[in-house]
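The values are calculated or read from the model by the stated rules, or taken from the named source; none is laboratory data. Keep in mind it's a predicted model, so treat the numbers as computed, not measured. Every residue, glycine as well, gets a Cβ built from its backbone with ideal geometry; the counts of neighbours run over all protein chains shown. Accessible surface is based on the protein model in full, side chains and every heavy atom, while ligands, DNA and RNA are left aside. Shrake-Rupley method; radii C 1.70, N 1.55, O 1.52, S 1.80 Å.
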Amino acid sequence: MPATDKELAAAAVGGKLAAYDSLMQRYEGLAYKLAFGLAGNRDGALDIVQAAFLQAYRNLARFRGESAWKTWLLRIVLNEGRDWRRAQRRRHERHLPLELAAEPEAPGPGPEETVLRREKRDRLLRSLRGINRRHSLALALRYFEGLRVPEIAEILGCNETTARNMLFRGLRRLRAELAEKVEAAP
Amino acid sequence: MKDCDRWHQSIARRLAGEAGAAELASLAEHCLSCPDCRSLCAIDEDLRGASAAVQPDAAGLAEVRRAVMRQARSEAQRDAGAAWLPRLLSSAGSAPPRAISPRALAAVITAAAALVAAGFLLGRGGVQPPGAAPDAVAREVGRAALAGDARRDPLDSPFIYSNVRLEDGTGGRLHLGFDVSAHLELDRSAGDPVVAEVVAQALLAGTSPVGSRLKAVAVAARLPDPRVRGALLRALRDDPSPAVRLGALAVLARDRGDPAVAAAAFRALAGEPSVEVRLLAIDYLAGSGVERETLRQAVDSAAGAMRGALQARLLARTSGGFGAGGQSGAAFERRRQP
């Protein structure tokens with residue numbers, strides 16, 4: 001029977017780095033999807049995942065097992081995502097270019113369709129980063145992690161009603177943000 | 001719109017994955033005649049599509065795991081090194097340090113000193129004379145240096161380097177001294193990948209004494225290698241020695257078209273503890289055509305004692321000196337375009 005997350009975390013605290021490697025392998029896909037939702041591009045997502053795994057390792061001893069390891073890790077991913085976004089904003093404010101890394105796209109009917117689809121997705125992800133942070137986090141957890149409302153509420157530290165409201169309000173804010181981007185487009 | 005209130009409840013349940021099939025069907029029918037609700041549902045669909053298109057990047061994640069493991073191993077070793085005296089006390093059966101008697105403490109320190117001396121002698125026992133044929137470890141170090149992705153983080157090395165020494169040799173060659181699993185003495189030309197690898201590793205704070213890191217900065221000025229550049233950026237950000245940070249920025253500042261260097265210089269200007277480094281950052285950024293107003297804002301946020309010096313330098317660099325007039329951010333970006 002495979003070791004539980006708690007067992008692996010305990011082994012890693014005891015100095016068994018291989019146990020931590022197993023934990024990372026178990027959750028790297030989840031962490032990446034959420035990080036992608038926060039960063040909007042591959043390189044940013046990998047930066048966030050790396051920072052989050054390192055942060056989680058350094059704080060392993062504080063993991064008491066009161067919440068699931070997955071929930072604990074996703075909280076760290078959200079925090080690292082926030083720091084990443086702050087750093088990017090500072091960089092952007094200082095007139096330095098923010099490159100969106102090339103992202104592999106699922107094959108579409110043709111190159112034109114693929115380009116349009118990608119542009120639409122990039123616009124959507126950029127807009128997601130432009131709305132209120134907690135709304136954006138709630139949407140990222142729902143869509144990129146596929147989490148249910150109780151899990152979202154636990155990670156964001158609110159009750160389920162608030163989490164539901166954040167999802168709906170986030171969607172409306174996102175629509176407004178998208179409309180602004182379309183109007184601002186040349 | 002008021003009629004849509006109840007449909008908004010349905011959309012909220014749909015977002016949360018809590019709407020039943022009948023409710024979803026009714027909502028879809030309503031959307032046919034309601035552009036407001038239709039647009040919300042369309043964004044819901046688009047988000048699902050965007051999420052489904054994101055496939056975890058297996059190669060990138062494997063690299064992330066390796067980097068994390070490398071760093072974790074390095075930190076574990078460092079912690080183990082920092083904890084040697086308490087372990088020694090514990091294995092000697094002594095009480096915690098606060099309760100130990102002066103005589104017992106003296107005995108423990110003597111024993112520890114003997115161990116350190118023995119370690120030093122044993123460590124030096126494996127030193128090869130300069131020019132000796134590289135052993136298997138040297139071949140492995142060379143192989144790793146050749147195989148290293150030029151963009152990889154210096155921390156993500158298969159070896160942990162320490163005790164790095166860099167000296168100028170004869171005929172333009174460099175003499176490298178460093179510990180990995182054994183101490184190596186190699187003579188290499190400046191273009192050899194091992195030189196870049198060792199210089200990059202030497203620049204990582206904590207792996208070599210400050211004198212070696214300063215020497216590494218000096219050698220780095222002659223090595224146009226992306227690994228070395230990455231290590232210089234890291235040294236500028238993290239090195240505990242202001243002299244090393246200043247040297248790293250001086251070397252990096254020779255390239256005025258590098259966004260990463262500009263970002264690092266901005267970071268230094270905003271939060272660097274050493275006024276010397278901040279002054280150099282002003283020189284670099286003003287010389288790169290960054291708008292005076294942008295620099296002024298960063299300078300004005302400095303602590304009082306430092307602010308005067310920074311303002312004076314900014315004034316000198318942007319009134320008649322290079323960078324006079326300042327370029328707009330857009331112009332600055334355009335200059336960076338190849």
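General observations
- Interface size A-B, as summed buried accessible area [1.4 Å probe, Å², nearest 100]: 4300
- Comparing the full protein assembly with the isolated chain, the residues of the stretch A:9-28 losing at least 10 square angstrom of accessible surface (1.4 Å probe) are A:Leu17, A:Tyr20, A:Asp21, A:Met24, A:Gln25, A:Glu28.
- The stretch B:228-285: trypsin sites (Lys or Arg not before Pro) falling in loop per DSSP and having at most 16 other Cβ within 10 Å: B:Arg254, B:Arg256
- The modelled label-to-label distance between B:Ala76 and A:Leu116, using points 7 Å beyond Cα along the C-beta direction, is 5.3 nm.
- Residues of the stretch B:26-43 that bury at least 10 Å² of accessible area when the other protein chains are present, relative to the chain alone (probe 1.4 Å, heavy atoms, ligands and nucleic acids excluded): B:Asp36, B:Ser39, B:Leu40, B:Ile43.
- Residue-level accessible surface for B:Glu18, protein heavy atoms, 1.4 Å, Å²: 70
- The H on the amide N of B:Glu185, modeled in the peptide plane, is under 5 Å from the matching H of B:Gln128, each at least 5 residues off or on a different chain.
- Per-residue ³J(HN,Hα) for the stretch A:54-67, Karplus 6.51 cos²θ - 1.76 cosθ + 1.60, θ = phi - 60°, Hz, x for Gly and Pro: 5, 5, 4, 4, 5, 10, 3, 5, 7, 6, 9, x, 6, 10
- The label point for B:Arg66 and the one for B:His175, both projected 7 Å from the Cα toward the Cβ, are 3.4 nm apart.
- Partners for A:Lys70 among aspartates and glutamates (Cα-Cα distance below 16 Å; same-chain residues under 8 apart left out): A:Asp5, A:Glu7, A:Asp21, A:Glu28, A:Glu80, A:Glu145, A:Glu151, A:Glu154
- Here B:Ser301 and A:Ser67 are evaluated by their C-beta separation; at R0 = 51 Å the FRET efficiency comes out at 0.85.
- The 3J(HN,Hα) values that the Karplus relation (6.51, -1.76, 1.60; θ = phi - 60°) gives for the stretch B:216-232 are, in residue order, 4, 4, 5, 5, 4, 4, 9, 10, x, 10, x, 5, 5, 4, x, 5, 5 Hz. Gly and Pro appear as x.
- Förster radius 45 Å - calculated FRET efficiency between A:Arg58 and B:Leu32 (Cβ-Cβ, nearest 0.05): 0.25
- Near B:Arg165, the amide H atoms lying under 5 Å from its own belong to B:Gly177, B:Phe178; only residues 5 or more places off or on other chains count, and H is placed 1.01 Å from N.
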